[in-house]
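Just so it is clear, none of the values below were taken in a lab; they were calculated from the coordinates. For clarity, every value in this text was computed on a predicted model and none was experimentally measured. A quick note on method: Cβ atoms are made from the backbone with ideal geometry, for glycine too, and the neighbour counts reach across all protein chains shown.
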Amino acid sequence: MARKQKGRPISGWIAVDKPAGLTAAAVVARVKRALDAAKVGHGGTLDPLATGVLPIALGEATKTVNYAMDGIKTYTFEVKWGEGRDTDDCEGAVTGASDVRPDAAAIDAALPAFTGVISQVPPDYSAIKVNGQRAYDLARRKEEVVLAPRPVHVHRFTLVEMLDSDRARFAVDCGKGTYIRALVRDLSHHLGTLGHITALRRTRCGIFTEKTAISLANLEALGDKAADSEVLLPVKTVLDDIPALALTEEEARRMTSGQAIALWPVVKRNPLTGPTGAGLADGSAVQALWGEKLIAVAEVGNGMVRPVRVLNH
């Protein structure tokens, strides 16, 4: 028999403006305590050094975290040239020095090589697992860390300003899995120098932006009142880009029970996709709705709609 979770059954999303010095897990713990929420998670982690938008999922919203992490993220950050760090940010130990200081022209000329779909080796100090262990744990023990390169999508990489000869400020729009610290490491090497991040802020994470994020201090001041305020957004907030299918009561009952339903009768009633189901190729994700209520995130395939994550209301 499953043990009953402590706390209130609150479901939805909150965008928290994370302060520097805290891990994403520490923010989750404080939100959980402030709202007395039974279940809390986060979508898109941030390093302790970083500030900015950290989407927090409560209750049934934790079942949609992957969709929050798939959105485009925007970062602004500052780089110090001439010094490498083992963590690729200012919190690590110095690993090398260089007298080379790139100018704006050299930087602008280098940025196209780091835009588009690129191959990136994650930092040694990352949460990626190597033989069941976190890479950062191996790195802290001075054990060898070998991480495979992976494709990431950098939509925009812009030099915002040269702060002085040693420092520059940048802005990046990027996709899931992109490490800004690795971008800075590789850009520095490309420019014939060393460099590391001294400040990092995320201003956007998918649909969530800093304009609508609440500070952790203000959220804690609201406490359990936050669950009944405009701060708490609906579970389906992160699914705005996914087609929605309206179900009948019987279809909703079957899907809630984990059963697949026929696609054709559903698309006939949904002008969004047209009578032939155009735009719903096999593998397409859809929102399964009963009235205004999100019943499940489902997937289309072989003429059927199959629930992937069923939400409990």
re segment 177-313: pairs of Cα atoms spaced beyond 21 Å account for a percent value of 59 percent
Evaluate E = 1/(1 + (r/R0)^6) for Ala262 and Asp103, where r is the Cβ-Cβ distance and R0 equals 51 Å; express this FRET efficiency to the nearest 0.05. 0.20
Which residues does the label zone of Glu292 cover in segment 218-253, counting backbone N under 15 Å from a point 7 Å along Cα→Cβ? 229-230, 233-237
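How large is the dipole of the chain about the Cα centre if only Lys and Arg carry +1 and Asp and Glu carry -1, each at its Cβ, rounded to the nearest 20 debye? Before the final figure, lay out each step's value.
On the way: 39 positive and 36 negative charges, 243 e Å.
Around 1160 debye, computed over the chain.
Give me the percent relative contact order of the chain, please, defined on Cα pairs under 8 angstrom at least 6 residues apart. Can you show the working numbers first?
Working: 682 pairs, mean separation 63.6, N = 313.
In percent, rounded to a whole number, it is 20.
Take peptides 59-66, 213-220, 98-105, 127-134 and line them up by average Cβ neighbours within 10 Å, highest first, as a rough protection proxy.
Values: 59-66: 20.5, 213-220: 17.1, 98-105: 13.5, 127-134: 12.0.
By packing density, highest mean first, the sequence is 59-66, 213-220, 98-105, 127-134.
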For the pair Thr212/Asp224, report the inter-label distance in nm, with labels modelled 7 Å from Cα in the Cβ direction. 2.7 nm
Using only alpha carbons, build the gyration tensor for segment 1-143 and give me the equivalent ellipsoid semi-axes, biggest first, whole Å. 35, 19, 15
Taking Cα pairs closer than 8 Å and at least 6 residues apart, the relative contact order of segment 71-153 in percent is 23 percent
Per-residue HN-Hα couplings for segment 220-225 [Karplus 6.51, -1.76, 1.60; θ = phi - 60°; Hz; x = Gly/Pro]: 5, 5, 5, x, 5, 5
Taking just the alpha carbons, could you work out the radius of gyration and Dmax for the chain, both in angstroms? 22.3, 71
Expressed as a fraction of 2.2 N^0.38 Å, the rule-of-thumb size for a compact globular protein of N residues, what is the C-alpha radius of gyration of segment 73-203? 1.02
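Any idea what the relative contact order of segment 96-225 is, in percent, if you count C-alpha pairs under 8 Å spaced at least 6 apart? Don't jump to the answer; show the numbers that get you there.
Values: 156 pairs, mean separation 32.1, N = 130.
Reported as a whole number, the value is 25 percent.
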Treating cross-link reach as a plain straight distance, find the aspartates and glutamates whose alpha-carbon is under 15 Å from the alpha-carbon of Lys142, omitting any fewer than eight places away in the same chain. Asp86, Asp124
At 0.890 mPa s and 25 °C, plugging the Kirkwood radius over alpha-carbon pairs of segment 242-310 into Stokes-Einstein gives what diffusion coefficient in µm²/s? 215 µm²/s
Aspartates and glutamates within cross-link reach of Lys73: Cα-Cα under 18 Å, excluding same-chain residues under 8 positions apart? Asp17, Asp47, Asp173, Glu210, Asp240, Asp241
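Explain nothing, just the number: dipole magnitude of segment 198-313 about its Cα centre with +1 on each Lys and Arg Cβ and -1 on each Asp and Glu Cβ, in debye rounded to the nearest 20. Write out the running numbers ahead of the final one.
On the way: 13 positive and 13 negative charges, 43 e Å.
Dipole size: approximately 200 debye.
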How far is the Cα center of segment 6-49 from the Cα center of segment 140-219, in Å? 22 Å
From the cross-link list Lys18/Lys225; Lys129/Lys176; Lys80/Lys176; Lys6/Lys293; Lys6/Lys63, the entries with a Cα-Cα span beyond 23 Å are Lys80/Lys176; Lys6/Lys293
Most to least packed among 154-166, 69-81, 234-246 [average Cβ atoms within 10 Å]: 69-81, 234-246, 154-166
